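Asks: This is the structure I have questions about; it appears just below.
The values are calculated or read from the model by the stated rules, or taken from the named source; none is laboratory data. None of the values given here were measured: they were computed from a predicted structure. No Cβ is skipped: glycine too gets one built from the backbone with ideal geometry, and neighbour counts run over all protein chains shown. We work out accessible area using only protein heavy atoms, side chains counted, and drop any ligands, DNA or RNA first. Shrake-Rupley method; radii C 1.70, N 1.55, O 1.52, S 1.80 Å.
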Amino acid sequence: EAAADGALVRGGGAAHAREKLVDSAAERFVVVADPTKEAERLSHPVPVELLPDARAPVAEAVRSAGGEPELRAAERKDGPVVTDNGNLVLDCAFGEIDDPDALARTLSTVPGVVEHGLFVGLVDEVHVGSDDGVEITSY
């Protein structure tokens with residue numbers, strides 16, 4: 001999901017920690033999406049990768065920040081999703097996120113959080129393709 005200010009929610013595949021590392025190191029970060037991914041305000045649940053032992057305190061910190069955490073369950077097997085880094089993922093519903101930058105800072109300071117799926121200040125361009133062509137927004 002991409003907001004009008006260039007903030008993104010990523011991590012549907014639970015690889016957002018590695019994605020963010022690559023995206024932040026890239027000289028140029030371009031996102032290609034269809035119109036269903038655009039939003040004036042971010043509202044998609046934010047994935048939070050966390051150390052397994054930190055599940056309870058991270059969930060409580062998310063609740064304190066106004067979110068509702070849910071452990072991501074694995075498809076076609078019992079148990080939770082385990083990231084390539086060996087960690088768990090909480091999908092955290094915050095409703096409409098008025099200030100993605102502030103929420104990103106809050107989540108980043110929680111002990112046990114490895115990374116979150118808010119990508120703020122990283123994107124250079126968003127290309128949104130439709131039947132009518134491609135709309136490009138630069139940041």
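Asks: So PHE94 passes all but one of these: (1) open to solvent by less than 30 Å² (accessible area, probe 1.4 Å); (2) touching a residue at least 40 places away in the same chain (Cβ under 8 Å); (3) over 14 Å from ARG10 (Cα atoms). Which condition number does it fail?
Replies: Just one mismatch for PHE94, condition (1).
Asks: Hey, can you tell me all the residues within segment 14-40 that are within 28 Å of LEU71 (Cβ to Cβ), part of a loop (DSSP other than H, G, I, E, B) and either open to solvent by 100 Å² or more (accessible area, probe 1.4 Å) or in contact with a Pro (Cβ under 9 Å, 6 or more places away or on another chain) (or both)?
Replies: Applying the first criterion (within 28 Å of LEU71 (Cβ to Cβ)) to segment 14-40 yields 14-24, 31, 33, 36-37, 39.
From what is left, the residues that are part of a loop (DSSP other than H, G, I, E, B) are 14-15.
Listed by number, the list holds a single entry, ALA14.
Asks: To continue, here is another question. Consider VAL82 carefully, then state whether it is surrounded by 12 or more Cβ atoms within 10 Å (Cβ to Cβ), in contact with a helix residue (DSSP H, G or I) (Cβ under 9 Å, 6 or more places away or on another chain) and assigned to a loop (DSSP other than H, G, I, E, B).
Replies: Details: surrounded by 12 or more Cβ atoms within 10 Å (Cβ to Cβ): yes; in contact with a helix residue (DSSP H, G or I) (Cβ under 9 Å, 6 or more places away or on another chain): yes; assigned to a loop (DSSP other than H, G, I, E, B): yes.
Taking the combined requirement at face value, the residue satisfies it.
Asks: Only one of these conditions is not met by SER64: (1) hydroxyl-bearing (Ser, Thr, Tyr); (2) surrounded by 14 or more Cβ atoms within 10 Å (Cβ to Cβ); (3) over 28 Å from GLY133 (Cβ atoms). Which number is it?
Replies: Condition not satisfied by SER64: (2).
Asks: Could you list all residues from segment 41-61 that are open to solvent by 80 Å² or more (accessible area, probe 1.4 Å), in contact (Cβ under 8 Å) with a residue 12 or more places away in the chain and of a type in the set (Asp, Glu)? Show your work before the answer.
Replies: The initial filter retains those residues of segment 41-61 that are open to solvent by 80 Å² or more (accessible area, probe 1.4 Å), namely 41, 44, 51, 53, 55, 60.
Remaining after also requiring in contact (Cβ under 8 Å) with a residue 12 or more places away in the chain: 41, 44, 51, 53, 55.
Answer for segment 41-61, where residues must be open to solvent by 80 Å² or more (accessible area, probe 1.4 Å), in contact (Cβ under 8 Å) with a residue 12 or more places away in the chain and of a type in the set (Asp, Glu): just ASP53.
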